[in-house]
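Take a look at the structure set out below.
The values are calculated or read from the model by the stated rules, or taken from the named source; none is laboratory data. Here the structure is a predicted model, which means the values were calculated and not measured. FYI the Cβ positions are ideal-geometry reconstructions off the backbone, even for glycines, and counts take in every protein chain you see. Protein only, heavy atoms only, side chains kept; ligands, DNA and RNA dropped before computing areas. Shrake-Rupley method; radii C 1.70, N 1.55, O 1.52, S 1.80 Å.
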Amino acid sequence: MSRVRWHELTHAYGSAEEVPGRLSRVAWGDAPTSASALSDLGLWLGELSVFDATAEAVPFLWDLAVTDSVASRSGVIQLLMTILEQANPPRRDVQCAAHQAVLDGRRLADRLARDGDPAVQAVAQDLMAAIDNHVCEACRPARPQARCC
């Protein structure tokens with residue numbers, strides 16, 4: 001996370017400099033702390049629209065989703081699905097980058113769909129279906145085999 005210049009990125013409410021702290025709280029917090037941090041991330045990165053910080057955060061969200069010790073893995077997977085469903089019409093490049101970051105985790109979603117936690121399994125199966133059926137204006141394939149951009 002330290003390689004990302006979070007202070008130069010934005011989310012729904014401004015500077016993304018607090019994103020790494022929230023990601024850490026999701027990773028290491030107890031269930032209430034993790035859920036609260038995940039709620040903040042949802043508002044900042046995906047609930048209203050997607051932002052440049054969203055695309056940078058998605059790989060870390062995938063890491064959290066596959067880490068058994070994370071208390072809110074199903075919520076993390078739900079956030080990934082929310083990101084895939086969101087748009088940023090004025091910034092199609094940002095939308096496409098955020099969507100592509102989610103699409104790139106398809107094999108992880110497949111792994112999560114076989115997870116021992118039924119809640120993780122269910123939301124991962126929904127995410128796989130969303131990935132497999134993803135079509136949006138920003139991600140319209142340039143070639144038949146391209147998924148995004």
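Below is a table of values for the structure above.
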quantity	calculated
Odd one out for Thr54 among (1) open to solvent by less than 40 Å² (accessible area, probe 1.4 Å); (2) part of a loop (DSSP other than H, G, I, E, B); (3) at pLDDT 95 or above; (4) not hydrophobic (A, V, I, L, M, F, W, C)	(2)
From the options Pro59, Pro32, Pro20, residue that is open to solvent by less than 40 Å² (accessible area, probe 1.4 Å), over 18 Å from Asp115 (Cα atoms) and part of a helix (DSSP H, G or I)	Pro20
Enumeration of residues in the stretch 118-146 that are under 19 Å from Gly46 (Cβ atoms), surrounded by fewer than 18 Cβ atoms within 10 Å (Cβ to Cβ) and at pLDDT below 90	Val135, Cys136, Glu137
Test for Leu45: is it touching a residue at least 12 places away in the same chain (Cβ under 8 Å), under 16 Å from the mean Cα position of the chain (by Cα), surrounded by 17 or more Cβ atoms within 10 Å (Cβ to Cβ) and within 18 Å of Gln125 (Cα to Cα)	no
Residues (assigned to a helix (DSSP H, G or I) and surrounded by fewer than 16 Cβ atoms within 10 Å (Cβ to Cβ)) located in the stretch 85-117	Glu85, Pro89, Pro90, Asp93, Arg106, Arg107, Asp110, Arg111
Residue within the stretch 1-9 that is surrounded by 15 or more Cβ atoms within 10 Å (Cβ to Cβ), touching a residue at least 12 places away in the same chain (Cβ under 8 Å), under 15 Å from the mean Cα position of the chain (by Cα) and outside any loop (DSSP other than H, G, I, E, B) present	no
